[in-house]
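Notes follow the structure.
The values are calculated or read from the model by the stated rules, or taken from the named source; none is laboratory data. Treat the numbers as computed from the prediction; the structure is a model and nothing was measured. Don't worry about glycine lacking a Cβ; one is built from the backbone with ideal geometry, like all the others, and counts go over all protein chains shown. When the accessible area is computed, the model is the full protein with side chains, heavy atoms only, and any ligands, DNA or RNA have been set aside. Shrake-Rupley method; radii C 1.70, N 1.55, O 1.52, S 1.80 Å.
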Amino acid sequence: MIARTTHVLFEVMIASLICVGLLGGFAAWRLSKGPISIGFLAADIEDALNGRAGPVHFKVGDTLLAWASWKRALDVRAVDVLMTGDDGAVIARIPEMSVSFSALALLRGVIAPTSLDILRPRVVIVRESTGRLAFALEQSGSARGDLSNAIVTFMNRKPRQEGGLSSLRRISVLDAKLTFDDRYTGIVWHSPVSNIVLLRDGEGVQASIAVTFGDDEGGARFTANGEWKKGQPYVSLDADITGLRVDRIARRIPGAELAHGIGLSLDGRVAARLNLHGEVETARFALQSGKGVMRTDTLWPDGIPVRRVSVAGRYEADPGFLHIDSFDIDMNGPSMRGQIAAVTAGEDIAIEGSAELHGMPISEIGTYWPAAVSPSARDWVTKHMSGGILDDTRVGFSLHVAHGDLGRVGIDSLSGQFRVDRTTVHYLNGMPPLRQVSASGVFSPSRLIITLREGEAEGLQVQSGIVRLNGLGGNDEQAEIDLRVAGSLPETLRMIDQPRLGYAKKVGIDPRQASGRAVTNLSFRFPLVDAVRLEDLDVTATAQLSRVGLPRVARGQDLSDGAFTLKVDRSRLVLAGNGRIGGVKAKLNWTESFDAQQPVARKYNVTAVLDEAAQTRFMVPGASYVGGPMALGLAISESRNRMTRIDAIVGLKDADIVIPG
């Protein structure tokens with residue numbers, strides 16, 4: 001009996017399973033053909049979505065049962081959903097959304113949605129001119145209601161199993177087409193693919209966002225995780241950015257014309273805190289870019305190529321503070337790094353910063369040095385320096401942007417220092433350039449000072465020097481150049497005999513016939529103009545001469561072993577010292593006047609003691625009547641009309657007078 005009963009129950013079970021299988025198979029076949037309307041649930045789902053009175057209300061057009069996938073299994077979908085405000089005005093239209101329900105609530109006969117998946121909608125976020133954020137899912141003409149605040153309100157409720165939206169733990173917007181209409185700045189963004197997921201628990205709300213912005217020129221991707229703790233007036237956001245083009249963003253932002261030519265694609269991370277209106281209160285960022293071009297009409301109209309850019313900093317909306325903690329730019333060899341701080345000051349923006357520049361070829365300075373920044377100093381450097389490397393440059397600056405207009409940037413202060421190696425300095429037209437110069441310098445908007453450590457000029461060694469450019473940017477720009485050079489006397493004479501000076505020719509000395517060594521201090525003073533007139537050029541030279549030799553300086557006798565001080569300026573030449581003339585020790589003072597208004601062209605003062613042989617060599621008159629040494633002092637002057645006057649003092653203290661007869 002028991003065996004027969006068991007057998008019957010087994011047959012019934014098998015038959016039931018077959019029926020269930022047939023029904024399930026039929027249902028699967030039917031669902032594979034398309035969704036099945038279960039409109040009788042529309043009113044219940046609508047009541048569940050609305051729940052207690054809230055800032056938004058839902059009206060469900062129809063309800064469908066659909067086979068989504070093996071992963072999602074069966075979906076209950078509400079279609080043609082209207083979202084309205086308290087006044088009944090349509091805020092948004094939702095073409096389709098998938099709804100999941102609480103199983104425990106269903107066992108009690110309560111329909112309690114736990115998740116909403118809004119599928120493939122067109123999402124429109126409107127930020128109004130007041131800063132208020134309206135979040136719509138289908139454009140309805142104008143933004144109505146503070147929908148973002150509504151979402152925050154019901155997502156911040158404590159999860160319960162009481163039906164309505166109090167059980168809602170998840171809202172997702174999947175495969176959406178996103179439009180962000182920022183009427184506060186006038187920017188409109190479009191995204192072809194966006195996914196937004198909001199998760200709620202007892203502590204608050206977590207968000208996951210993945211947005212792709214694209215156009216015909218390329219696209220950018222924005223992924224972020226956000227968190228909102230219950231009771232807090234802000235949202236924390238950690239975002240990753242990929243492929244964000246600066247120039248394309250700037251073209252959409254009023255007042256950002258300065259960045260229209262920044263052709264860089266940025267990647268990086270941003271950590272921000274937003275208030276409940278979607279406004280950024282604080283942010284930290286670390287961004288980097290690969291190859292690109294930086295071009296601005298005011299700074300780099302021709303553009304500068306860059307290999308890599310990285311920037312990190314922070315932003316505070318109150319009091320309007322932006323601090324670039326560090327930036328690093330690799331300009332295909334030269335590199336620059338530094339920091340910048342900007343803060344709003346009334347209607348203006350105050351900017352302070354510092355930067356370091358390394359490895360800049362002098363030949364490329366004109367490309368990277370903006371023409372509007374210290375134009376006079378830039379003009380002199382680019383025209384008068386060539387070759388070599390600019391290195392270890394440090395700049396500090398303070399700027400202001402009038403009325404926030406980036407086209408009206410004023411320099412409040414600018415100062416810096418730099419070092420150059422192996423450069424050539426063309427300090428004055430008509431003078432030999434200084435080559436292989438190593439120097440350091442400092443600068444400000446009105447002054448540039450270059451201190452030379454070493455170099456060479458026409459065979460002379462530059463031991464030291466200083467170049468001062470004063471009054472830059474004013475009406476009286478002046479150059480002061482002081483050089484200390486050392487080398488052979490012939491090379492020194494050639495230096496001061498350049499066409500602009502011609503001092504050696506003026507005194508009748510052929511540099512090729514001179515010998516000796518010289519250490520010379522040269523000083524040049526002239527206005528900073530393209531063509532310096534000779535009358536505007538003030539040149540002085542002071543030299544210490546040693547082992548000086550010149551042929552046939554007196555009575556056919558040569559000068560040797562000379563040790564002199566030489567001073568030359570526009571008005572005269574003065575040579576003073578000691579040497580040997582024809583083997584005789586002599587003290588010599590020579591003054592040559594270059595002033596045509598002066599009646600005396602030159603003066604010689606010579607003192608020496610001549611022995612009898614020297615008296616004969618110099619053909620001293622009356623030497624035949626003197627026996628022994630003769631002390632001789634000569635004062636010779638030559639006038640412009642070639643009249644010569646000779647005053648002589650003869651000392652015969654140690655000599656004998658020989659009277660013929």
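Quick rundown of the values:
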| item | result |
| --- | --- |
| Subset of segment 431-458 [in a loop (DSSP other than H, G, I, E, B) and over 26 Å from the mean Cα position of the chain (by Cα)] | Met431, Pro432, Pro433, Glu458 |
| Search result, residues across segment 566-588 that are more than 20 Å from Leu634 (Cα to Cα) and open to solvent by 30 Å² or more (accessible area, probe 1.4 Å) | Lys567, Asp569, Arg570, Ser571, Arg572 |
| Any hit, segment 392-402, residues being buried (at least 16 other Cβ atoms within 10 Å of the Cβ), at pLDDT below 85 and within 26 Å of Ser335 (Cβ to Cβ) | yes |
| Subset tally (residues that are among the charged types (D, E, K, R) and touching a strand residue (DSSP E or B) at 6+ places or on another chain (Cβ under 7 Å)) for segment 517-534 | 2 |
| Matching option when the condition is on the phi > 0 side of the Ramachandran plot, surrounded by 14 or more Cβ atoms within 10 Å (Cβ to Cβ) and of a type outside the set (D, E, K, R), among Gly268, Gly263, Gly231, Gly320 | Gly268 |
| One residue from Gly261, Gly278, Gly292 being in contact (Cβ under 8 Å) with a residue 40 or more places away in the chain and farther than 30 Å from Ser236 by Cα | Gly261 |
| Tally of residues being open to solvent by 50 Å² or more (accessible area, probe 1.4 Å) and among the aliphatic types (A, V, I, L, M) across segment 540-565 | 2 |
| Residue that is in contact with a His (Cβ under 7 Å, 6 or more places away or on another chain) and within 28 Å of Ile365 (Cβ to Cβ), where the choices are Gly338, Gly313, Gly261, Gly290 | Gly313 |
| Lone qualifier among Gln513, Gln544, Gln461, Gln557 - being modelled with pLDDT of 90 or more and farther than 26 Å from Val425 by Cα | Gln513 |
| Check on Ile340, within 30 Å of Tyr234 (Cβ to Cβ) and crowded, with 18+ Cβ neighbours inside 10 Å | yes |
| Any hit, segment 429-441, residues being modelled with pLDDT of 90 or more and either closer than 30 Å to Thr344 by Cα or open to solvent by 60 Å² or more (accessible area, probe 1.4 Å) (or both) | yes |
| Out of Glu491, Glu480, sole residue that is outside any strand (DSSP E or B), open to solvent by 30 Å² or more (accessible area, probe 1.4 Å) and modelled with pLDDT of 90 or more | Glu491 |
| Residues located in segment 543-557, provided they are without any contact (Cβ under 8 Å) to a residue 40 or more places away in the chain and outside any strand (DSSP E or B) | Gly556 |
| Selected residue (criterion: farthest from the chain's Cα centre (by Cα)) from residues of segment 524-539 that are surrounded by 15 or more Cβ atoms within 10 Å (Cβ to Cβ) and either hydroxyl-bearing (Ser, Thr, Tyr) or not in a strand (DSSP E or B) (or both) | Leu537 |
| Flag for Thr591 being modelled with pLDDT of 85 or more, surrounded by fewer than 18 Cβ atoms within 10 Å (Cβ to Cβ), of a type in the set (Ser, Thr, Tyr) and under 60 Å from the mean Cα position of the chain (by Cα) | yes |
| Evaluation of Pro511 against (1) open to solvent by less than 30 Å² (accessible area, probe 1.4 Å); (2) in contact with a strand residue (DSSP E or B) (Cβ under 8 Å, 6 or more places away or on another chain); (3) closer than 14 Å to Leu489 by Cα; (4) not small (Gly, Ala, Ser) (one fails), failing number | (2) |
| Hits in segment 363-391 - residues which are open to solvent by 30 Å² or more (accessible area, probe 1.4 Å) and in a loop (DSSP other than H, G, I, E, B) | Trp369, Ala371, Ala372, Val373, Gly387 |
| Close pairs from segment 49-68: first more than 21 Å from Arg169 (Cβ to Cβ) and outside any strand (DSSP E or B), partner at pLDDT 65 or above and acidic (Asp, Glu), Cβ under 6 Å, at least 6 apart | Gly61/Asp80 |
| Residue match in segment 136-156 (condition: under 30 Å from Ile249 (Cα atoms), outside any loop (DSSP other than H, G, I, E, B), of a type in the set (Gly, Ala, Ser) and at pLDDT 85 or above) | no |
| All strands (runs of 3 or more DSSP E) inside segment 256-323 with 1 or more residues being polar (S, T, N, Q) | 265-275, 280-289, 292-296, 308-316 |
| Gly353 within 18 Å of Phe418 (Cβ to Cβ), touching a strand residue (DSSP E or B) at 6+ places or on another chain (Cβ under 6 Å), small (Gly, Ala, Ser) and open to solvent by less than 50 Å² (accessible area, probe 1.4 Å) | yes |
| Residues satisfying the stated conditions in segment 339-362, i.e. among the polar types (S, T, N, Q) and either in a loop (DSSP other than H, G, I, E, B) or modelled with pLDDT of 90 or more (or both) | Gln339, Ser354 |
